[in-house]
Amino acid sequence: MPSPIRLETVADLLEHDHTLALFCPRCKRWSEAPLAALTNRGQGAAPIARLRFRCVRCGGEGERQLRPPTTHGPATAGWICSSGAS
């Protein structure tokens, strides 16, 4: 069984290929946190729970969503057919 990974800091997210999506409930806009830029500015050790993001369009506070790395499996549409047809 694989060991759990630690995802507490900006550097942890980058190390494990995770991203931090940001949603602005005020203007309904999704964006992605600039993790590499934060690390380049010396904030790699910053806990992601303490980071605050504001929308560049309206200034609303962003809601965070941790996203795992995308898989590169078989070329499918991401759906399983359950029609029973063989």
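Quick notes on this structure:
- Using the Karplus relation 6.51 cos²θ - 1.76 cosθ + 1.60 with θ = phi - 60°, the per-residue 3J(HN,Hα) values for region 54-67 come to 10, 5, 6, 7, 10, x, x, 6, x, 9, 9, 9, 6, 10 Hz, with x marking Gly and Pro.
- The length gained by stretching the chain between residue 71 and residue 31 to full extension, at 0.36 nm per residue less their Cα-Cα distance, is 12.4 nm.
- With a cut-off of 9 Å between beta carbons, the residues surrounding residue 23 carry a summed charge of +2, where Lys and Arg count +1 and Asp and Glu -1.
- Taking amide H atoms as placed 1.01 Å from N in the peptide plane, the amide H of residue 19 lies under 5 Å from those of 67, each 5 or more residues away in sequence or on another chain.
- Length gained on full extension, residue 58 to residue 43, computed as 0.36 nm times the residue gap minus the Cα-Cα distance: 2.9 nm.
- The three principal axes of the C-alpha atoms in region 1-64 carry coordinate ranges of 42, 29, 17 Å, sorted with the longest axis first.
- Of the residues 50, 41, 29, the one with the fewest other Cβ atoms within 10 Å heads the list, and the complete ranking is 50, 41, 29.
- Taking amide hydrogens as placed 1.01 Å from N in the peptide plane, the amide H of residue 60 sits under 5 Å from those of 55, each at least 5 positions away in sequence or on another chain.
- Under 5 Å, built H, 5+ apart or other chain: amide partners of residue 9: 48
- Here the residues 19, 9, ranked from fewest to most Cβ neighbours within 10 Å of their Cβ, fall in the order 19, 9.
Coordinate-derived values only; no laboratory data. The model shown is predicted, which means the values in this text are computed figures rather than measured ones. So basically every Cβ, Gly included, is an ideal-geometry build from the backbone, and we count neighbours across all protein chains shown.
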